[in-house]
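Step one of this worksheet: look at the structure below.
The values are calculated or read from the model by the stated rules, or taken from the named source; none is laboratory data. Computed from a prediction, not measured in an experiment: that's the story for all the values here. Here the Cβ positions follow ideal geometry from the backbone for every residue, glycine too, while neighbour counts run over all protein chains shown. Note: accessible area is taken over every heavy atom of the protein model, side chains too, but ligands, DNA and RNA are not part of it. Shrake-Rupley method; radii C 1.70, N 1.55, O 1.52, S 1.80 Å.
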Amino acid sequence: MEIEKLVEQAVKDRRHIHQYPELSGEEYETGKYVRNRLEKLGIEILDFQPPSVVGFVKGTKGEKTIALRADMDALPMVEEGDKPYISKHHGVAHTCGHDGHTAILLAVAEWITLHKEEVEPNIVLLFQSSEEASPSGADKLIKEGALEGVNSIYGIHVDAGLEKGQFGTRPGAMMASVDDFEIKIQGSGGHASTPHLTVDPIYIATHVIQALQSIVSRKLNPMDASVISVGKIEAGNTYNVIPDSAKIIGTMRSFSTEAVQTIQEQISKLTKGICESFGATAEVDFIIGTPPLINDEKEAAFAEELLQKTFGAERYEELEPVMGSEDFSYYLQKIPGVFVKVGMAGEKSQYPHHHPKFDIDEDVFGDAIKVFQQFILNQ
């Protein structure tokens, strides 16, 4: 059967890419591999900066243009396990599933070339660099014009947290934003035996950290789920010296841009106020990351209908929002679209994403290909 041949090729593509992972923004060899596969299929390659690769197929009608997206980057991790296709690049590994996404979209590209007469819309194939790290590859492609003339966009993610055989999405907010912050508290150091002669930045930092947690509980609407987490504190060099300065590094996540703005304003206000009250000064810097992933309401309903019709109502579920982030969100800020998760939880995919033993259950490739097929055929 045709789908079996497509899956067989997708498995070969995925295992090759898996063995030669590349970090965010460095996927040049992966990009070359994708480009060569598309060129062999006779698909036009548009002029966008590597390592991202953008293909284009003109539809039979061409009244509408849709984009399909796959991400290509790996993570800075040492892969564990005994799989025959384990990473050959020590310290870099595909432990999230992007190798699978790339292979699936290549299979969809091949299917398109075999069924050109059935493909009415124009198709833009986005093989995107740098999903896992900033600067975002999605944001970069948008700035280069990849969405010009595109009416809607569709993406998938194989998911080790969703039961194998299930599919899921939701209207509206599906995944959170992620932004980081750095707070530098400048005090006045001295000997630990005479704290009264110092302005202790470590002591002040403890007050700031406590106060940050009040933002979610007292400054945001309880319906605006958000998280503020401090992940690192830097201060001092030894046990008996109070240092001059301390640094607090953390992250904040939310499902609305309004909540993000409130969090930023309150972090600055609280930090500077607390520091001033103790005779210290503060610098607050924000490292802007990924916006919240908000599916278009109509496209989400469209996806739900298609998935239930194609696979059965019992295999679809409306997902709860999660605090994880995904830079597919940049595309959804510009045009309507929807992000779909393809479940694969089971023995083969028993480890979570970003775990050193994470692996993809390749049995789901056929259904993942069909998801994209249905988006193409039902425009």
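The table below gives the values:
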{"quantity": "Selected residue (criterion: most open to solvent (accessible area, probe 1.4 Å)) from residues of the range 250-271 that are of a type in the set (Gly, Ala, Ser) and under 17 Å from residue 333 (Cα atoms)", "calculated": "256"}
{"quantity": "Extreme residue, surrounded by the most Cβ atoms within 10 Å (Cβ to Cβ), among residues of the range 59-75 that are among the aliphatic types (A, V, I, L, M) and in a strand (DSSP E or B)", "calculated": "70"}
{"quantity": "Test: residue in the range 76-92 that is surrounded by 20 or more Cβ atoms within 10 Å (Cβ to Cβ), at pLDDT 95 or above and not in a loop (DSSP other than H, G, I, E, B)", "calculated": "no"}
{"quantity": "Filter pass, residue 103 being out of contact with any His (no Cβ under 7 Å at 6 or more places or on another chain), open to solvent by less than 10 Å² (accessible area, probe 1.4 Å) and farther than 28 Å from residue 358 by Cα", "calculated": "no"}
{"quantity": "Filter pass, residue 351 being among the aromatic types (Phe, Trp, Tyr), over 21 Å from residue 178 (Cβ atoms) and under 22 Å from the mean Cα position of the chain (by Cα)", "calculated": "yes"}
{"quantity": "From the options 116, 140, residue that is open to solvent by 50 Å² or more (accessible area, probe 1.4 Å) and closer than 24 Å to residue 334 by Cα", "calculated": "140"}
{"quantity": "Output for the range 236-268, where each listed residue is without any contact (Cβ under 8 Å) to a residue 12 or more places away in the chain and under 20 Å from residue 199 (Cα atoms)", "calculated": "237, 238"}
{"quantity": "Close pairs (6 angstrom Cβ cut-off, 6 or more residues apart or separate chains): within 15 Å of residue 235 (Cα to Cα) and open to solvent by 70 Å² or more (accessible area, probe 1.4 Å) in the range 193-208, among the aliphatic types (A, V, I, L, M) and at pLDDT below 95 anywhere", "calculated": "none"}
{"quantity": "Among (1) in contact with a strand residue (DSSP E or B) (Cβ under 7 Å, 6 or more places away or on another chain); (2) more than 14 Å from residue 17 (Cβ to Cβ), the one test that residue 93 misses", "calculated": "(2)"}
{"quantity": "Unmet criterion (only one of (1) exposed (fewer than 15 other Cβ atoms within 10 Å of the Cβ); (2) in contact (Cβ under 8 Å) with a residue 60 or more places away in the chain; (3) among the basic types (Lys, Arg)) for residue 218", "calculated": "(2)"}
{"quantity": "Sole exception among (1) in contact (Cβ under 8 Å) with a residue 60 or more places away in the chain; (2) hydrophobic (A, V, I, L, M, F, W, C); (3) in contact with a Lys or Arg (Cβ under 8 Å, 6 or more places away or on another chain) for residue 233, by number", "calculated": "(1)"}
{"quantity": "Every residue from the range 39-58 that is more than 29 Å from the chain's Cα centre (by Cα) and assigned to a loop (DSSP other than H, G, I, E, B)", "calculated": "42"}
{"quantity": "Qualifying strands (runs of 3 or more DSSP E) (wholly inside the range 150-228; at least 2 residues being among the hydroxyl-bearing types (Ser, Thr, Tyr) and more than 24 Å from residue 262 (Cβ to Cβ))", "calculated": "152-163"}
{"quantity": "Per-region count, the range 221-249, residues open to solvent by less than 60 Å² (accessible area, probe 1.4 Å) and under 17 Å from residue 284 (Cα atoms)", "calculated": "8"}
{"quantity": "Flag if residue 78 is touching a Phe, Trp or Tyr at 6+ places or on another chain (Cβ under 7 Å) and in contact (Cβ under 8 Å) with a residue 12 or more places away in the chain", "calculated": "no"}
{"quantity": "Out of 224, 139, sole residue that is closer than 21 Å to residue 255 by Cα and assigned by the TED database to the domain that holds residue 343", "calculated": "139"}
{"quantity": "Any hit, the range 30-48, residues being in contact (Cβ under 8 Å) with a residue 12 or more places away in the chain, of a type outside the set (A, V, I, L, M) and in contact with a Gly (Cβ under 7 Å, 6 or more places away or on another chain)", "calculated": "yes"}
